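The values are calculated or read from the model by the stated rules, or taken from the named source; none is laboratory data. The model shown is predicted, which means the values in this text are computed figures rather than measured ones. Methodologically, a virtual Cβ is constructed for each residue, glycine included, from the backbone with ideal geometry; neighbour enumeration extends over all protein chains shown. Ligands, DNA and RNA are stripped out before the accessible areas are found, and what is left, the full protein with its side chains, is counted by its heavy atoms. Shrake-Rupley method; radii C 1.70, N 1.55, O 1.52, S 1.80 Å.
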Amino acid sequence: MTALIDMKTERLSTPSGTETQATHLNTESLLVSLSSKEKVEPLASKSFSTPVGLLLIKANQYGLSHLSLVDVEEQEWVNINHPSYREATEFLSQTELEIGEYFAGTRVTFSVPLAPQGTEFQKQVWQALLELEYGESCSYSDIAQKVHRPKAVRAVGAANGANRIAIIIPCHRVIGKNGSLTGYAYGIEMKQQLLGLEERCLSR
């Protein structure tokens, strides 16, 4: 399991020499949640082929910031003059490797640092998503209960849809209360592929 860090306890040095706060968790990796007041732009990006299509990934100095299907109008981000550009490209390489292992059925958790930006509520929802085990599914209502906002089911759905890091923050594991596949930003077909992959790997 991975976890989203809510910057509360100690100081952590980053590749750029700046500091951010994080907590120690018993997880494979630290996922840093940036302050909603801090605007951090991606420094590098790349695209690569997968069984679900061409994926675009972006990274900043703290970790992976975006993972999505390629939009034909999307431009790649490069800031080669930034002092942390090399670190950002290393996050991209690590992500490509781990996503490849995921689709090969040899990886069930990820270790690349994640650095998404969002509101405090969105980060709470993403944290709850990260606590889902490989192959596990839940409903929006279940997530609302996890974040102690049982009546905020629609807001949970919106936060789920705002997730910028597909697959690794597993919004594809959220299904309808009746077991039906609900909407997914990248289409029901991709959602079925991801859930099917995990189901097959668990049944081996």
Given (1) open to solvent by 80 Å² or more (accessible area, probe 1.4 Å); (2) in a loop (DSSP other than H, G, I, E, B), index of the condition residue 86 fails: (2)
Criterion (within 16 Å of the chain's Cα centre (by Cα) and either farther than 12 Å from residue 117 by Cβ or modelled with pLDDT of 95 or more (or both)) met by exactly one of 28, 73, 10: 28
Residue 143 vs. criteria modelled with pLDDT of 95 or more, of a type in the set (Val, Ile, Thr) and more than 26 Å from residue 71 (Cα to Cα): yes
Failed condition for residue 140, given (1) open to solvent by 40 Å² or more (accessible area, probe 1.4 Å); (2) touching a Gly at 6+ places or on another chain (Cβ under 6 Å); (3) touching a residue at least 60 places away in the same chain (Cβ under 8 Å): (3)
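Condition check ((1) acidic (Asp, Glu); (2) at pLDDT 95 or above; (3) over 29 Å from residue 188 (Cβ atoms)) across all residues:
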position	(1), (2), (3)
64	no, yes, no
69	no, no, no
81	no, no, yes
89	no, yes, yes
92	no, yes, no
97	no, yes, no
100	no, yes, no
104	no, yes, no
Residue among 88, 104, 115 that alone is farther than 26 Å from residue 178 by Cα, in contact (Cβ under 8 Å) with a residue 60 or more places away in the chain and either out of contact with any strand residue (DSSP E or B) (no Cβ under 9 Å at 6 or more places or on another chain) or of a type outside the set (Ser, Thr, Tyr) (or both): 115
Among residues of the range 42-73, those that are open to solvent by 80 Å² or more (accessible area, probe 1.4 Å) and either more than 23 Å from residue 196 (Cα to Cα) or in contact with a Lys or Arg (Cβ under 8 Å, 6 or more places away or on another chain) (or both), counted: 2
Any chance residue 112 is closer than 28 Å to residue 44 by Cα and part of a loop (DSSP other than H, G, I, E, B): yes
Members of the range 152-197 that are in a helix (DSSP H, G or I), more than 20 Å from residue 111 (Cβ to Cβ) and of a type outside the set (A, V, I, L, M): 154, 157, 160, 161, 189, 191, 192, 193, 196
